[in-house]
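Laboratory data are not the source of any read-out in this text; all were calculated from the coordinates shown. As the structure is a computational prediction, the values presented were derived from the model and not from experiment. Heads up, the Cβs are rebuilt from the backbone with ideal geometry, glycines too, and the neighbour counts pull from every protein chain shown.
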Amino acid sequence: SYRKGGYHAVRIGDPFSNGRYIAQRKLGWGQFSTVWLAFDTLSSSYVALKIQKSAQQFAQAALHEIEFLSAAAEGDLQNTRCVVRLIDHFKHAGPNGQHLCMVLEFLGDSLLRLIRYNRYKGLSFDKVREICRCILTGLDYLHRELGMIHSDLKPENILLVSTIDPAKDPVRSGLTPLLEKPEGNANGGGGSTMNLIEKKLKRRAKRAVAKISERRSSMVGALGGEEAAASSKSERSLDGIDMRCKVVDFGNACWADKQFAEEIQTRQYRAPEVILKSGYSFSVDMWSFGCTAFELVTGDMLFAPKEGNGYGEDEDHLALMMELLGKMPRKVLFFCLLFMFSLVIDVCLNEQIAIGGAKSKDYFDRHGDLKRIRRLKYWPLDRLLVDKYKLPEAEAKEFAEFLTPVLEFAPEKRPTAQQCLEHPWMKVVSTQNNADNVESQVKNLKIKG
Ligand code: ADP
Ligand code: MG
């Protein structure tokens, strides 16, 4: 990838933008870019420098991302809306061509790293609530104020706000005080590291698939060997880690009234209406948010579909959704006439309104059952959380009550980010915070005394 049209090879100390930014070390990479920690000599602070591959289509994609990041920055001068801040952008000429570069505020590790660090055990409800508050604040801003759909929300694209000053701790591997070695090396050569990460990601997807198919094959929910092994490992403390985070990666964002792609979102976080190609809006981000929240609580992906004997990945995905959420509202109608007729009946019976998509009739029969995956085992969210993940009954129920509407099949029935922020589950006062408050009040009194 480090050739004409590809990545720009960076060495520590390399200057960018007429010497304003000095490269420090690699923070991460994506399909189109490498991201570097850089020192901004103008503001004397650290920033993240995203250097795009140089070929025309990548430059185009970077311009697209800059458009969305700029809009987000312009509408949020106080930088309080939980969206990564674009500080600057410029072109950089290198041996592989012209690279568009974005200068972003420097953030910490992704939620995916946090989940992994925590050995896929899931975070406490208090921590999840804090994280959800940030994500929802970001989504509410993007949706309601900017009219923007992120379209690729997932744990990897949500970064913790870093609490580490890179100047004081330049050799630390993780950016927040927690995580493993960064997924990049300092010399800019990405090849072997990338293979490693690809392997890691594949392994993770495999694990998730294994765990989810286990859901279909057994209703018992006993811990498998792998899980038992994981739980025997020593606990890792998340104390002192600030759960504030921000939404990043606007490479796939679009305006609600000006959409570009039919197929959006990363597979596991993809909403049903996208699979069925029945049109989409802001609520696709809410679906991905729901999948992310579940993953934070349990450490497992909510849906990890895979192709099987006689059915495709899409169908497996729909089956997994139906096993968790029940039957899809009737939307699979071959004839327009029949469709109109059934709509009338739906309305009369006050049933869910159908969401017919271009793909519906490929996957469903006219009774609304999947054609090629017949035997589904219904395992609703609240039971799953208790039976499989051993969460306390009352808390699981509350969380399921919060999450279930977010995972409504009918997109228009999903709550908005704003409505989610108002949900009672979001308002529960954390027991830890309470204890901290009391403690700090006592301390203050002592100081005053
Ligand atoms: P892509 O669009 O190529 O997926 P991302 O914007 O997701 O690129 O960035 C790739 C990786 O770089 C992220 O997963 C993260 O590890 C790191 N990264 C991106 N932005 C920042 C930032 N502002 N601060 C720190 N690290 C970042
Ligand atoms: Mg990304």
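Of note:
- Other residues within the sphere of radius under 9 Å centred on the Cβ of A72, judged by their own Cβ, net out at 0 (K and R +1, D and E -1).
- Arranged from fewest to most other beta-carbon atoms within 10 Å of their beta carbon, I131, I66 become I66, I131.
- Gyration tensor (alpha-carbon) shape descriptor, the range 52-113, a/c threshold 1.5: prolate
- Sorted by Cβ density within 10 Å, fewest first, the residues I164, I115: I164, I115
- Between Q259 and E401, the simple label model (points 7 Å from Cα in the Cβ direction) yields a spacing of 3.3 nm.
- Protection proxy ranking, peptides 407-416, 359-368, average beta carbon neighbours within 10 Å, highest first: 407-416, 359-368
- Nearest-0.05 FRET efficiency for Q98 and T41, computed from C-beta distance (R0 22 Å): 0.45
- Extended-chain gain in nm, criterion 0.36 nm per residue less alpha-carbon gap, E307 and I12: 101.8 nm
- The M426 and Q78 beta-carbon pair, evaluated with R₀ = 25 Å, returns a calculated FRET efficiency of approximately 0.70.
- Violating pairs (Cα-Cα greater than 24 angstrom) within the set K327/K427; K154/K277; K121/K397; K327/K388: K327/K427
- Here the peptides 68-80, 280-292, 298-310 are ranked by packing, the mean other Cβ count within 10 Å, and the order with the highest first is 280-292, 298-310, 68-80.
- Taking each residue as 0.36 nm, the span from S70 to K121 lengthens on full extension beyond its C-alpha to C-alpha distance by 14.7 nm.
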